[in-house]
Amino acid sequence: MTATATTTSSEVRDAATSLIDGLKAGGFIAGIWRDGSSDRQTRVTTAADGTVLRTFASASTRDVDEAYGAAAAAQKEWANVPAPERAAVISRAADILERRRPEITALLRVESGSSALKANIEVSAAVGITRESATFPNRAHGTLHPSAFSGKENRVYREARGVIGVISPWNFPLHLSIRSAAPALALGNAVVLKAASDTPVSGGLVVAEIFEEAGLPKGLLSVVAGAGSEIGDYFVQHPIPSMISFTGSTPVGQRVGALAAQGRLKKVALELGGNAPLVVLDDADIDGAVNGALMAKFLHQGQICMAANRIIVDESVYDEFVDRFAARARKLVAGDTTDDNVIIGPIINDDQAEAVTGLIQAARRQGAREVVGGQLEGRLVGPHVFADVTEDMDIARNEIFGPAVGIIKAHGEEDALRIANNTEFGLSSAVFTRDIERGVRFARGVKAGMTHVNDSTVNDEPHVMFGGEKNSGLGRFNGDQAIEDFTTLHWVGVRSAMGPVPF
């Protein structure tokens, strides 16, 4: 198989199963492939129906201790490795990712329910951030500052933070694990990675395989797969890591932030939930806005923190937009993502499917007009589009994380901006208008970390900062911002000799 070749469903399943069966163990702890020591089991399953493909013993708190201990022991030497050597390891990891694209995309399609399109987007994103990270060792500069005292020099060194604990989610498991692991390692840190229970292979074990093959020294990366209820709090509160990088839901992220503030205070980077507005102003190109909204809502069946959660349309173009958007959405059918033609795959698990179905049912009860009603068959949830949604409805207030969306009518630009900002979240957003500078002015009025003019809300480029405001998180990922987050500054004041003191 190649990244662009047409594949049969059986070929996709066979490639994913071969990768999973070929794993040496269910964990990579302190440089050793072994299962965890917990009495619990981690199950590798298919997203489509939960079929169990492999089981192994989960990680326990004892395994977390071993992983963090090995990371602390290995990190000091790694931080002193010359920058070009660290960069070479990270660069090799990017090459390996690209070489293994066919089998990893197959894995994502089976384990995480990714379409062929989304799986390739995810691998490309992971390759991109890894290649960007390979430039970081030579970009982590310190500074020199003058002093108010004669004969003194002030040096500010940029240094690795130490050990980073990374907790990644199931929706973009490969990319969102590597988005933290690659820059942290490049900058001289060690990493202990806890992948989501729904995607332990694509979010964790395959990452360990890649960096091991790239020549990363033992101990610098460990992967622990275990239940959050058993090791989650312990992972965050552990005294060794100096930083926790978390991507996931807002409630869990808030708990992570609170736990990280207890005991030894840790830096946190939190990329959390969203309620992204996609705004269509009165002068918008409607076809372009429909295209942007389709990509923003239905890529990976809406299971993206940046997904358009609310479509806000000016009253003058409202009916036209609703009709065109609905017509396009009706053509999308939910199905098995091992089929190359399927765009909307299964919801990741039964609990999440129930939550999405509940929001659809609430929209019906609360009086929204259902203009598209797709299938509701277990984990397969087809497109559901609701018009005449009001701001107080559950579908407008809550993050949906599924292929359903509400369209809200706005009475002019000022009203559209007010509606866009009427949320506790502030991750991504978009606005459509033929007047570019009008779009920029509108974008700057949105209280969010990211706003795109005439584009989808779903955007991620490895060299551009990524992150949100309000309850969508703290900190920024990617590019220069990753260098800032995964390093710390150390002021070293230097005198040739101590002078007299005034007492």
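If you take the Cα atoms of the chain, find Rg, then find the Kirkwood Rh from the mean of 1/r over all pairs, what is Rg/Rh?
1.01
For the range 200-218 and the range 56-87, what is the separation of their Cα centres, given in Å?
Between the Cα centres of the range 200-218 and the range 56-87 lies a distance of 12 Å.
If you average the alpha carbon positions of the range 136-188 and of the range 313-348, how far apart do those two centres end up, in angstrom?
The range 136-188 and the range 313-348 have Cα centres spaced 41 Å from each other.
At 7 Å along the Cα-to-beta-carbon direction for both Val333 and Glu370, put a label point, then send me their distance in nm to one decimal.
The answer from the label model is 2.0 nm.
If we sort 329-339, 276-286 on the protection proxy, mean other Cβ atoms within 10 Å, highest first, what's the order?
276-286, 329-339
Among 489-500, 153-164, what's the highest-first ranking by average C-beta atoms within 10 angstrom per residue?
The peptides rank, most packed first, as 153-164, 489-500.
Which percent, to the nearest 5, of DSSP beta bridges fully inside the range 276-453 are antiparallel?
Taking every DSSP beta bridge with both residues in the range 276-453, the antiparallel ones total about 25 percent.
I'd like the distance between the alpha-carbon centres of the range 236-269 and the range 373-449, rounded to an integer number of Å.
Spelled out, the Cα-based centre of one part sits 30 Å from the other.
Helix-only mean residue ellipticity at 222 nm, the chain, DSSP H runs n ≥ 4 weighted -39,500 (n - 2.57), per residue, nearest 500. What is it?
-11500 deg cm²/dmol, from helical runs alone.
Mind giving me the FRET efficiency for Glu414 and Tyr234? R0 is 60 Å, r the Cβ-Cβ distance, nearest 0.05 is fine.
Efficiency computed from Cβ-Cβ geometry: 0.75.
Round to the nearest 0.05 the FRET efficiency obtained for Phe149 and Ala73 when R0 = 41 Å and r is the Cβ-Cβ distance.
Given R0 = 41 Å and the Cβ-Cβ separation, E is 0.55.
So for each of 175-183, 72-80 I average, over its residues, the number of other beta carbons within 10 Å; can you give me the resulting order with the highest mean first?
Put in order of decreasing packing, that is 175-183, 72-80.
Using every Cα-Cα pair within the range 276-453, state what percent have a distance larger than 25 Å.
The proportion of pairs with Cα distances above 25 Å equals 27 percent.
May I ask for the angle, rounded to the nearest 10°, between helix 173-186 and the longest principal axis of the chain, with both axes built from Cα atoms and the value confined to 0 to 90°?
Approximately 20 degrees, to the nearest 10.
On a 27 Å Cα-Cα criterion, which of the cross-link pairs Lys118/Lys267; Lys152/Lys267; Lys76/Lys152; Lys218/Lys470; Lys118/Lys331; Lys266/Lys470 come out too long?
Lys118/Lys267; Lys152/Lys267; Lys76/Lys152; Lys218/Lys470
Using each residue's phi in the range 25-41, evaluate 6.51 cos²θ - 1.76 cosθ + 1.60 at θ = phi - 60° and report the 3J(HN,Hα) Karplus result to the nearest Hz, with x for Gly and Pro.
6, x, x, 10, 10, 6, x, 10, 7, 7, 6, x, 10, 7, 6, 7, 10
No value in this document is a laboratory result; all are computed from the given coordinates. Since this is a predicted model, take the numbers as computed values, not measurements. So basically every Cβ, Gly included, is an ideal-geometry build from the backbone, and we count neighbours across all protein chains shown.
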